[in-house]
Structures are given as structure tokens and as C-alpha cells.
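Readers should treat all values here as calculations from the given coordinates under stated rules, not as data from a laboratory. It should be emphasised that the depicted structure is a prediction, and the values quoted were computed from it without experimental measurement. All Cβ positions, glycine included, derive from the backbone under ideal geometry; neighbour counts span all protein chains shown.
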Amino acid sequence: LEHASAAAIARALKRRGIVPDFRASNVIRTAPVALYTSYEDIAQTVETLQAIIEAGEHLTEDQHRELVA
């Protein structure tokens with residue numbers, strides 16, 4: 001997913017228990033693993049992403065990238 005507010009969307013997903021892979025400057029990646037990711041997991045991720053964007057949650061956050069160590 002490419003979005004101008006990718007960093008904020010990735011943080012919002014993480015707060016909701018979905019761990020995305022943010023890539024500067026505007027990319028969010030997810031990596032469903034066939035062995036243990038269900039259709040329901042994928043549907044929940046898409047619904048959560050939609051809710052974050054529709055609520056504008058990503059617009060109220062800084063666009064900074066968190067440090068990963």
C-alpha cells in the first residue's frame with residue numbers, strides 16, 4: 001500500500017495489533033504467511049485499515065518514522 005501518510009497508518013495498525021512493515025517514504029507492506037494466516041486475519045486487516053482511513057486517524061498523527069533497534 002502506498003499512501004502519503006503511510007507512517008501514521010502503520011503506527012495505527014500496530015496499536016490495533018497488526019504488525020505492518022513500513023518502508024520510507026510512503027509504503028506499508030504486510031506479509032501474510034500461508035501456514036498460519038487465515039482468511040479472517042486478512043479480512044480483519046483490510047477492515048481495520050479501512051476504519052483507520054475513514055476515521056481520519058492517520059491525519060491526526062505526526063508523519064515521523066519510529067526508530068527500530
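Relative to the longest principal axis of the Cα atoms of the chain, helix 6-15 runs at roughly 50 degrees.
For the stretch 6-60, rounded, prolate or oblate, judged on the Cα gyration tensor with a ≥ b ≥ c (square roots of eigenvalues), a/c < 1.5 rounded, else prolate if a/b > b/c? Note, shape of the stretch 6-60 comes out oblate. In degrees, nearest 10, range 0 to 90: what is the angle between the Cα axis of helix 39-55 and the longest Cα principal axis of the chain? Roughly 20 degrees, rounded to the nearest 10.
Taking other C-beta atoms within 10 Å as the exposure proxy, Asp41, Asp21 rank Asp21, Asp41 from fewest upward.
Summary value for the chain: 40 percent relative contact order, contacts being C-alpha pairs under 8 angstrom separated by 6+ residues.
What's the magnitude of the charge dipole for the chain around its Cα centre, counting Lys and Arg as +1 and Asp and Glu as -1 at the beta-carbon? Answer in Debye, nearest 20. Write out the running numbers ahead of the final one.
Values: 7 positive and 10 negative charges, 48 e Å.
That gives a dipole near 220 debye.
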